[in-house]
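Take this structure first; my questions come after.
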Amino acid sequence: MPESKLLTEHYHKDEYRGLQGYKANGGYQVIEKAFKMDPQKIIEEVLNSGLRGRGGAGFPTGRKWSFLPDNGEPRYLLCNADEGEPCTFKDRMMMERAPHQLIEGMVISAFAIKSHKSYIYVRGEYTESVEILREAIKEAYDAGYLGKNILGSGFDHDMDVYAGAGAYICGEETGMISSLEGKKGQPKLKPPFPAVKGYLGKPTIVNNVETLAAVVPIIKDGADAYKKFGTEKSTGTKLFSVSGDVQKPGNYEVPLGMPLRELIELAGGMKPSRTLKAVIPGGTSAPVLNKEEAEKATMDYECLAEMGSMLGSGAVTIIDDTRCMVDMLHVITHFYHHESCGQCTPCREGTGWLNKIVNSIVEGRGRLQDIDTLCKVADHMKGKTICALSDAAALPVLSFVPKFRSEFEFYIREGRSKVKGTRYAEMHA
Amino acid sequence: MFKLSPEGVEFVKSEVARYESKESAIIPALYRVQKENDNWVPNEAISELSQIMDIPEARINEVFHFYTMFNKEPVGKYHVQVCTNVACAMAGTREILKDLCDEHGVKVGEVTSDGRYCFQNVECLGSCGTAPMLQINQDKYNENLDIEKTKQLLKDLP
């Protein structure tokens, strides 16, 4: 099965970055169609398309939009471009290759939900994306696609870019709102959900870059055409960021439901004389799949959920037989410990303990009982906190350890990796 | 003693007016200080921002200390941030980081005696298809590296 480029068809063209090039390739036509539609009809079309949030949680986009209260308060649209889930790099490509596609998707979405102000919250390290978006927004204002009375429709919309400053937690929607308000990026308890009480206490819709861009083809050809791609419950196409032990790592746009082994082939296949050992299918928060599971998996929400994992952000990390799973988990526990916002005790303390225990194992100070302690700590971190970071830190442990237990036991007994050639690599604070 | 340039002060004031809530200007203001002060934020800048923005110092400090991209100490002329998260670690960045530190006789996070470099591990920067990668200060990413390319890259810096 080849790629299905609903969103990325023109990404290889440099001209597509600018307004003229975007228009020359069919850009900003859907916005005109949308303005002739009833906003409610656009929401219904998105709902019928089955589009689910492409940032990680996979919540149906149209349903999220329908939670907005009809109370006359100003509404905000917030684009989540804080792409921080390890091994995810699709939003960066989308912003850098096709900034106007995102702007067009956002204006259509804003028109549908009757929002007159939007922000694109970009992670601070993406300085190039920020510059490109600012330039594109300026072009869009000059051409009348943003500002007052857009294309004579009577609809006003202002858009701005906000750069974060280095915090994974700001990818969580309420954490992002806190950050945009000029606070620490700490999440808030839900409910109330942002759609009811978000930015500055006003109704706010937070959608991922890829989600908002996907609104363009949905409104262009309709929900039915979009649903021709994918499976019944996972409609449309998805960008997968494939990294790790493949020959051609990169972003691939394919219909949801593609067998994982085909996606690996698309990314150039495994390296010569290496074999598949494991796959992290949806960013490091997604439980790891072993070889048998990976060979059976299809890349859709339901199959990965059935396997006890998740599609997440679409970050697919391929791991071959030269990798030590203890070392891999060490990198992951280090990450979550670094990124816990410190608000909830199970997460703040738990992520530290997970990292300490795995650290002691790789330093050769591990004891066999540590394996069970590790799982016990992880188990106590699930479902007990304000946001999902704690679960995201626990799930890798609760999948790596049972699925590759013999590697952990070997490391503890022998003080070195079961995988030949793996050296101890220090992680720094 | 650090002081924002007149243009910097104007920038901060314009950011205060830009957003619905003036606290939203704290992050852009801290970035501006960092840009004017060799990529780090000295303590006296917090008091200055507090006066310009009419926001309590404690409120600014809260933001300053939460986000990793604000440097609390000098980071040399070139803050070399090497990603050591999953895809980059698999591609050998931990070894690259160690090599760089050994070659320059510093530990991770220390500034070299000539003030030129500070090598720092960072978490995933979203460049996993082009690993190994590193970012110098807040500039464009350097991707598809290896140890030789990295050393050359550093030598070629002005």
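The values are calculated or read from the model by the stated rules, or taken from the named source; none is laboratory data. The structure presented is a predicted model; accordingly, all values stated were derived computationally and were not measured. Neighbour counts are summed over all protein chains in view; Cβ atoms, including those assigned to glycine, are modelled from backbone coordinates with ideal geometry. Just the protein is used for accessible areas: all its heavy atoms, side chains included, with ligands, DNA and RNA removed. Shrake-Rupley method; radii C 1.70, N 1.55, O 1.52, S 1.80 Å.
Give B:20, B:73, B:62 a once-over and let me know the one that is assigned to a loop (DSSP other than H, G, I, E, B), within 12 Å of another protein chain (Cβ to nearest Cβ) and among the acidic types (Asp, Glu).
Only one candidate passes the filter, namely B:20.
Condition first: farther than 19 Å from residue A:128 by Cβ and either open to solvent by 10 Å² or more (accessible area, probe 1.4 Å) or of a type in the set (S, T, N, Q) (or both). Now tell me which residues in the stretch A:170-182 satisfy that.
A:172, A:173, A:174, A:178, A:179, A:181
Mind counting the residues in the stretch A:385-414 that are open to solvent by 40 Å² or more (accessible area, probe 1.4 Å) and part of a loop (DSSP other than H, G, I, E, B)?
Adding up the residues that qualify gives 2.
Shifting gears a bit: Which condition does residue A:165 not pass, out of (1) out of contact with any strand residue (DSSP E or B) (no Cβ under 6 Å at 6 or more places or on another chain); (2) more than 11 Å from chain B (Cβ to nearest Cβ), if it passes all the others?
(2)
Filter the stretch B:78-114 for residues that are hydrophobic (A, V, I, L, M, F, W, C) and in a loop (DSSP other than H, G, I, E, B); which is least open to solvent (accessible area, probe 1.4 Å)?
B:106
If I filter the stretch B:30-51 down to residues being open to solvent by less than 20 Å² (accessible area, probe 1.4 Å) and within 10 Å of chain A (Cβ to nearest Cβ), which single residue comes out as nearest to the chain's Cα centre (by Cα)?
B:34
Continuing with the same structure: Can you tell me which condition residue A:185 does not meet? The list is (1) open to solvent by 10 Å² or more (accessible area, probe 1.4 Å); (2) in a loop (DSSP other than H, G, I, E, B); (3) within 14 Å of chain B (Cβ to nearest Cβ), and all the others hold.
(1)
Taking the stretch A:190-205 only, how many residues are in a helix (DSSP H, G or I) and either over 18 Å from residue A:118 (Cβ atoms) or touching a residue at least 12 places away in the same chain (Cβ under 8 Å) (or both)?
Within the stretch A:190-205, residues that are in a helix (DSSP H, G or I) and either over 18 Å from residue A:118 (Cβ atoms) or touching a residue at least 12 places away in the same chain (Cβ under 8 Å) (or both) number 2.
Quickly run through the stretch A:56-72 and pick out the residues that are modelled with pLDDT of 95 or more and open to solvent by 10 Å² or more (accessible area, probe 1.4 Å).
A:59, A:60, A:63, A:64, A:66, A:67, A:68, A:69
Then there is this: Given the conditions (1) on the phi > 0 side of the Ramachandran plot; (2) crowded, with 17+ Cβ neighbours inside 10 Å; (3) in the same structural domain as residue A:404 (by TED's automatic domain parsing), which single one is not true for residue A:314?
It fails just one condition, (3).
Go through the residues of the stretch A:380-398 one by one and say whether even a single one is over 30 Å from residue A:192 (Cβ atoms), at pLDDT 95 or above and hydroxyl-bearing (Ser, Thr, Tyr).
no
Considering only residues that are within 11 Å of another protein chain (Cβ to nearest Cβ), within 19 Å of residue B:73 (Cβ to Cβ) and β-branched (Val, Ile, Thr), which ones fall in the stretch B:92-135?
B:108, B:122
Still on this structure, I have one more. Does residue A:252 count as surrounded by 20 or more Cβ atoms within 10 Å (Cβ to Cβ), under 17 Å from the mean Cα position of the chain (by Cα) and modelled with pLDDT of 95 or more?
Criteria met by residue A:252.
Please give the number of the condition residue A:270 fails out of (1) crowded, with 24+ Cβ neighbours inside 10 Å; (2) in the same structural domain as residue A:243 (by TED's automatic domain parsing); (3) not β-branched (Val, Ile, Thr).
Unmet condition: (1).
Name the residue that is surrounded by the most Cβ atoms within 10 Å (Cβ to Cβ), counting only residues in the stretch A:16-34 that are more than 16 Å from residue A:112 (Cα to Cα) and among the hydrophobic types (A, V, I, L, M, F, W, C).
A:19
Under the condition of being open to solvent by 20 Å² or more (accessible area, probe 1.4 Å) and part of a helix (DSSP H, G or I), which residue from the stretch A:326-341 is farthest from the other protein chains (Cβ to nearest Cβ)?
That would be A:337.
Of all residues in the stretch B:144-158, which are open to solvent by less than 70 Å² (accessible area, probe 1.4 Å), assigned to a loop (DSSP other than H, G, I, E, B) and over 15 Å from residue B:84 (Cβ atoms)?
Hits for the stretch B:144-158 are B:146, B:157.
While we're looking at this one, here's another question. Yes or no: the stretch A:346-360 includes at least one residue that is open to solvent by less than 40 Å² (accessible area, probe 1.4 Å) and not in a helix (DSSP H, G or I).
No, the stretch A:346-360 contains no residue that is open to solvent by less than 40 Å² (accessible area, probe 1.4 Å) and not in a helix (DSSP H, G or I).
Right, next: Would you mind stating whether residue B:129 is in a helix (DSSP H, G or I) and either touching a residue at least 60 places away in the same chain (Cβ under 8 Å) or not assigned by TED's automatic domain parsing to the domain that holds residue B:41 (or both)?
So residue B:129 passes the test.
Follow-up question, since we're still on this one. Could you check how many residues of the stretch A:74-127 are touching a residue at least 60 places away in the same chain (Cβ under 8 Å), more than 17 Å from residue A:178 (Cα to Cα) and within 11 Å of chain B (Cβ to nearest Cβ)?
11
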